[in-house]
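What follows is one structure encoded as structure tokens, with my remarks underneath.
Where a number appears in this text, it was derived from the coordinates with a stated rule and is not lab data. The shown structure was predicted, so the numbers you read here are calculated from the model rather than taken from an experiment. Quick reminder, even Gly has a Cβ in these numbers, built from the backbone with ideal geometry, and neighbours come from all protein chains shown.
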């Protein structure tokens with residue numbers, strides 16, 4: 001049985017400058033998000049989450065991590081970063097991919113939504129929305145490439 005090609009050997013699809021910029025911007029987004037949490041709660045006086053908001057945030061975060069783990073396990077060697085533009089060796093349609101076209105993107109946005117639920121301020125809402133926009137564009141580009149790879153689907 002032939003083993004899947006390494007990710008560097010996989011064919012590429014064109015990735016827009018907008019999505020390529022996401023790689024650099026994403027690191028900054030996470031730094032801002034992590035720095036905002038303690039600043040918002042302790043420096044700027046945002047009310048700490050009550051039990052309901054905390055429970056919702058923890059539940060949403062746990063669901064996002066479970067979806068992320070399930071998605072990565074299902075993809076296996078077919079995983080590549082969204083801004084890399086590498087096609088998988090085979091199209092994965094089981095696991096969470098039966099229900100969602102891009103469950104890793106959904107999980108990442110849900111993780112940020114969980115943090116936003118805990119620290120509900122303008123910075124976290126903006127971070128979550130900007131990230132969702134980037135992932136939506138990346139999903140459109142990736143879906144287009146996957147459809148070209150599997151024209152019968």
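Pairwise inverse Cα distances across the stretch 15-149, averaged and inverted, put the Kirkwood hydrodynamic radius at 16.0 Å. Counting only alpha carbon atoms, the long axis of helix 17-38 and the longest principal axis of the chain meet at about 30°. Gain on full extension, evaluated as 0.36 nm per residue between residue 25 and residue 70 minus their Cα-Cα distance, stands at 13.6 nm. Between residue 9 and residue 148, the distance separating the two model label sites (each 7 Å from Cα on the Cα→Cβ line) works out to 2.3 nm.
Across the chain, Cα pairs under 8 Å and at least six residues apart give a relative contact order of 35 percent.
Working note: 222 nm ellipticity from helices only, DSSP H runs with n ≥ 4, each -39,500 (n - 2.57), summed and divided by the residues of the chain, gives -21000 deg cm²/dmol to the nearest 500. Exposure proxy shown here: for 117, 126, the number of other Cβ atoms within 10 Å sets the order, fewest to most, as 126, 117. Where does helix 51-75 land angle-wise versus the long Cα axis of the chain, in degrees 0 to 90, nearest 10? On a 0 to 90 degree scale, this one is about 10.
Per-residue Cβ neighbour counts within 10 Å put 24, 116, 74 in the sequence 24, 74, 116, beginning with the fewest.
A simple spin-label model places the labels of residue 34 and residue 56 2.7 nm from each other, with each point 7 Å out along Cα-to-Cβ. Annotation: the residues 142, 77, 9, sorted from fewest to most other C-beta atoms within 10 Å of their own C-beta, follow the order 9, 77, 142.
Fully extending the segment from residue 42 to residue 77, taken as 0.36 nm per residue of separation minus the present Cα-Cα distance, adds 8.3 nm. Angle of helix 122-149 to the longest C-alpha principal axis of the chain, folded into 0 to 90 degrees and rounded to 10: 10°.
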